[in-house]
Amino acid sequence: MHATIRRYEGVDTTRMGEIVGKVNNTLVPQLRELPGFSGYYLLEADNGVLSSFGLFETREQADESKTLVTKWISDENFNSVIPNAPKITSGKVVAHSDGIPALV
């Protein structure tokens, strides 16, 4: 499994509700269509910071999601609302827990 974390700074906080609505209604359905998609989470922090966490089976599939998200920002005319390129951390998931205890 491969994860990608994106941190967006300088997001227009007056349009946060609009961004979240569009993510749920247009971005997430597009991500679900990508091969290897395993999950997507968007976190709203203080001071105009959004972070996203995406999970895919392979690095190549995660890389494809980067292209899709960049295009989505442009297509939704969010270039001025999300004015800065994200800081991206991407890598192989080496440990995880789904919150469900293992049966012994």
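Structure data summary
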| item | result |
| --- | --- |
| Residue that is surrounded by the most Cβ atoms within 10 Å (Cβ to Cβ), among those in the range 61-87 that are touching a residue at least 60 places away in the same chain (Cβ under 8 Å) and of a type in the set (G, A, S) | S65 |
| Test for D46: is it modelled with pLDDT under 95 and either over 30 Å from T14 (Cβ atoms) or among the polar types (S, T, N, Q) (or both) | no |
| Test set (1) surrounded by 12 or more Cβ atoms within 10 Å (Cβ to Cβ); (2) not in a loop (DSSP other than H, G, I, E, B) - G48 fails condition number | (2) |
| Among (1) outside any loop (DSSP other than H, G, I, E, B); (2) farther than 23 Å from M1 by Cα; (3) at pLDDT below 95, the one test that W72 misses | (3) |
| Candidate set from the range 26-45 (those that are in a helix (DSSP H, G or I) and of a type in the set (S, T, N, Q)); member that is surrounded by the most Cβ atoms within 10 Å (Cβ to Cβ) | Q30 |
| Residue in the range 19-47 that is nearest to S80 (Cα to Cα), counting only those that are without any contact (Cβ under 8 Å) to a residue 12 or more places away in the chain and charged (D, E, K, R) | D46 |
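The values are calculated or read from the model by the stated rules, or taken from the named source; none is laboratory data. Being a predicted model, the structure only gives us computed values, none of them experimental. Glycine gets a Cβ as well: all are built from the backbone with ideal geometry, and neighbour counts include every protein chain shown.
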